[in-house]
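See below for the structure under consideration.
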């Protein structure tokens, strides 16, 4: 724990000193002269020194292994889906806000520097150290994510208290998800770019570094999304977890065939689960159609251009969101091929269609397909 404490002390001392120097020398006013580039300039000024400092200290003092192993291109694109999505959101926001190409590139590089600095410290150094010392995977992920979240308390210097509090809550599940990405890929670059594109989209969309998370409902949706994806990743890739631990501990990786839980192999339980998810999804979709129709009629009657955000609308949106997560969980738990995730790209009806196909046994889990192929080979 001494190494973790020293890492945190260095990070906190640097951030405290940085804000003190900025205020004392009134560099904030000087940065404003960069105009549209001021946000990027502020990011560079803060992140580049800490990146260099942490790299040097790790090389000469801490000597913590950080993993950058090669990862298959096809799988890498799948893992990077959310990263690519955030980049597309940033492009759309840049076009909408008419952000210049130069500013867009500057913010992109700035976001990369944020992702590199924070991922190197919290996933590369802290998570890696905990696992290398024999701590459990879940414990290491939770501790590193809590520390990652608490570090954002320093943002209270330049944004409202409520925003800072909600940001700390929101950042914890994001930290868990980033840790899962690092573990799955055995390559910190995937976590760095995912983190960077998340910040990049926010920078382009809002035009600032302050957190825009201002509602508890948004935080709850983030918890549902990131923690579900984290559980899916850890459940589905035991071999990558074994490789990750072995590399950090300097021991041979004990790779065995993935063993599914008994419930995952139970056909009755699988059928019941699929039916429950199907019913939930149908209810969510009917609610969506009814709510949209009702809201549009009310808006037209009131002479408004678009429906307002009401508690009912938020509940409806959260229900649809949960139905999508349920499909993801079912597909993963019962060992269906990951290619079936593509059904969710079809708006509204994709999930229910997949479940109906699965219930009619036109799509089978991977372990059943292996058994069927084995039986066919024995017959031959």
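Just so you know, all these numbers are worked out from the coordinates, no wet-lab data involved. These figures come from a predicted structure and were not determined experimentally. Cβ coordinates were reconstructed from backbone atoms using ideal geometry, including for glycine residues, and neighbour counts include every protein chain displayed.
For this structure, a couple of remarks:
- In terms of packing, defined here as the mean over residues of other Cβ atoms within 10 angstrom, the peptides 127-140, 103-116, 27-40 line up highest first as 103-116, 127-140, 27-40.
- Legend: Rg and Dmax of the range 2-69, from Cα coordinates, 15.0, 43 Å.
- When peptides 53-63, 179-189 are ranked by their average number of other Cβ atoms within 10 Å per residue, the highest-first order is 179-189, 53-63.
- Full-extension gain in nm, residue 254 to residue 242, via 0.36 nm per residue minus C-alpha separation: 3.7 nm
- Normalised by 2.2 N^0.38 Å, where N counts its residues, the alpha-carbon radius of gyration of the range 143-210 equals 1.17.
- Residues of the range 324-360 falling in the label zone of residue 263, defined by backbone nitrogen less than 14 Å from a point 7 Å along Cα to beta-carbon, are 329-335.
- Linear extension gain, residue 60 paired with residue 14, 0.36 nm per residue minus alpha-carbon span: 14.7 nm
- FRET efficiency for the pair residue 282 and residue 30, taken as 1/(1 + (r/R0)^6) with r the Cβ-Cβ distance and R0 = 51 Å, rounds to 0.30.
- Estimated 222 nm signal from helices in the chain, with DSSP H stretches of n ≥ 4 weighted -39500 (n - 2.57), rounded to 500: -24000 deg cm²/dmol
- Candidates 362, 285, 155, ranked by Gaussian network fluctuation over the chain, Cα under 10 Å, top entry: 362
- Normalised alpha carbon radius of gyration of the range 215-255 [divisor 2.2 N^0.38 Å]: 1.67
- Restricting the calculation to Cα atoms, the chain yields a radius of gyration followed by a Dmax of 23.4, 82 Å.
- Span from the the range 46-86 Cα centroid across to the the range 106-184 one, whole angstrom: 13
- Normalised by residue number, the volume inside the convex hull of the Cα atoms of the range 64-249 is 116 Å³ per residue.
- Cα-based Kirkwood hydrodynamic radius, the range 84-161, one decimal, Å: 15.0
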